[in-house]
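Derivation of every value follows stated rules applied to the coordinates shown; laboratory data play no part. Since the model is a prediction, treat every value here as computed from it, not as a measurement. All Cβ positions, glycine included, derive from the backbone under ideal geometry; neighbour counts span all protein chains shown.
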Amino acid sequence: MSVLVTGGAGFIGSALVRGLIRDGERVVTVDKLTYAGSRLNLAEADRANTHSFVQADIADAAAMAAVFREHRPQLVMHLAAESHVDRSIDGPMPFVQTNVIGTATMLEAATAHWRKLPESEREAFRFLHVSTDEVYGELDQTGLFTEASPYRPNSPYSASKASADHIVRAWGRTYGLPVLITNCSNNYGPYQFPEKLIPLIALNGLDGKKLPVYGQGLQVRDWLHVDDHVSALRLVAAKGGLGETYLVGSRNERRNIDLVRQVCAILDKLHPVGAPHDRLISFVTDRPGHDARYAIDPSKLERELGWRPAIAFDAGLEATVAWYLKHRDWCAAVAPATARDRIGLATAS
């Protein structure tokens, strides 16, 4: 099968590409190679003759039309997105351009391609849009997001992803394009850009730098290993119901401060120089509009498609921290030290 993966040089996208290539699929990766995407993430895939790479902007209609003409994908897995909430606070327009306009451009190209396919190939074609639980806003201390939860995005990032979700549904309903949508909880694992919480804390701890915790660190997030997320995406693409949405989460709720302390304990074990690392924790001004809690109910995915996460959180987190310790060269190559500087205080004009 020929698979088109957008955003395939990023964190989740590259994990997906690597898995597809290992299983013998033909994959074309499309990525603009913004700051968070790197060809280093695709080194394993690039060694296979079944992988092609196209550096292009998903909002470039001519470029996307050319990709479809040349590679004729049977499945589109759309992950390309601006994804960092703090960056969306300082500069929202790139999020609108990529996440909204880019998604609509991809849908236009996919629809034109799909309409020209022979009937049997049209029936097999799928467009999977990968989104986030942040579109649902925030939860109180109880309750879980489900596929029926109302959309209440609170950041420019989540608003742009919510817009993209609605556009995908509209294309399915209006034009008949065979679409699917997934909304996932917070991902963790290897190759995540060091601006995100777990690699930032691990790398700052190694360097003896302050470990910034927003507010009092009481925000709750539901953590999902990237490899478990990839397994869910592939299952939804293969067996999901047309037009359906599936929430992907592992029921691993943690307060941010507890997660940071757990990473510190792992650093104390794996890199005892500088221990105890939790002495570096520094409570800083909270993010504007910071959602208090996210938590996903993945029952639909489990019940209808039989998905289950395979990676226990404690083991997965320790393996992730160990990966960053072992791959300091990758971290230095993909991100300058300034990538870990604080942004997103809504002070930019």
Of (i) 17.9; (ii) 16.7; (iii) 19.8, which is the value of mean projected area of the Cα convex hull in nm² derived from the coordinates here?
(ii)
Which residues' amide hydrogens lie under 5 Å from the amide hydrogen of Ala295, considering only partners 5 or more residues apart or on another chain, with H built in the peptide plane?
Phe145
Please give the net charge around Pro288, taking every other residue with its beta carbon less than 12 angstrom from that of Pro288, where Lys and Arg add +1 and Asp and Glu add -1.
-3
Largest-first principal axis extents, alpha carbons of region 235-349, Å:
49, 41, 29
Suppose the chain between Gln97 and Ser282 were pulled fully straight at 0.36 nm per residue; how much longer would it get relative to their current alpha carbon spacing?
63.2 nm
Mind putting a number on the dipole of region 180-289 about its Cα centre? Charges go on the C-beta only, +1 for Lys and Arg and -1 for Asp and Glu, and I need it in Debye to the nearest 20.
100
Calculate, for Lys269 and Lys210, the FRET efficiency according to 1/(1 + (r/R0)^6) with r their C-beta to C-beta distance and R0 25 Å; round to the nearest 0.05.
0.75
At 1.567 mPa s and 4 °C, Stokes diffusion of region 105-258 via Kirkwood alpha-carbon radius, µm² per second:
74
Residues Ile266, Ile101 in order from fewest to most other beta-carbon atoms within 10 Å are Ile101, Ile266
Measuring from the longest principal axis of the C-alpha atoms of the chain, the long axis of helix 103-115 (C-alpha) lies at a number of degrees, nearest 10, equal to 30
0 to 90° range, to nearest 10: angle between helix 313-326 axis and the chain longest Cα axis:
80
Roughly speaking, what is the stretch gain from Glu119 to Asp60, that is 0.36 nm per residue apart minus the C-alpha to C-alpha distance, in nm to one decimal?
18.4 nm
Exposure proxy ranking, count of Cβ atoms within 10 Å, fewest first, for Lys269, Lys161, Lys196, Lys209:
Lys269, Lys209, Lys196, Lys161
Pairs on different chains or at least eight residues apart, Cα atoms closer than 27 Å: how many lysine pairs in the chain fit?
17
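Based on Cβ point charges of +1 for Lys and Arg and -1 for Asp and Glu, what charge dipole magnitude is obtained for region 125-225 about its Cα centre, in debye rounded to the nearest 20?
In debye, rounded to 20, region 125-225 gives about 220.
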Go through region 288-305 residue by residue and turn each phi into a ³J(HN,Hα) via Karplus (6.51, -1.76, 1.60, θ = phi - 60°); whole Hz please, and just put x for glycine and proline.
x, x, 4, 5, 6, 7, 10, 7, 10, 9, x, 4, 4, 4, 5, 6, 7, 10
Compute the helix-to-body angle for 197-207: its Cα long axis versus the longest principal axis of the chain, expressed 0 to 90° and rounded to tens.
40
Diffing region 20-31: the Karplus 3J(HN,Hα) column from phi (6.51, -1.76, 1.60, θ = phi - 60°), in whole Hz with x for Gly and Pro, holds 4, 5, 4, 8, x, 6, 8, 10, 10, 9, 10, 8
Label points 7 Å out from Cα along the Cβ direction at Ala43 and Gln74: separation in nm?
3.2
Sequence-separation-based contact order of the chain, relative, with Cα cut under 8 Å and 6+ spacing, percent
18
One finds the C-alpha centres of region 124-194 and region 286-332 to be spaced, in Å, by 16
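With all pairs of different alpha carbon atoms counted, what Kirkwood hydrodynamic radius in Å does region 1-155 show?
16.6
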If one computes the Cα centroid of region 213-238 and of region 66-117, what distance in Å separates the two points?
21
Taking neighbour counts of Cβ atoms within 10 Å as a proxy for exposure, in what order, fewest first, do Cys184, Cys331 appear?
Cys331, Cys184
Non-local residues with an amide H under 5 Å from the amide H of Leu224, with H modelled 1.01 Å from N and Pro and chain starts lacking one, are Asn186, Asn187, Tyr188
For region 61-74, in order, what is each residue's ³J(HN,Hα) by Karplus, 6.51 cos²θ - 1.76 cosθ + 1.60 with θ = phi - 60°, in whole Hz (x at glycine and Pro)?
4, 5, 5, 5, 4, 5, 4, 5, 4, 6, 9, 6, x, 9
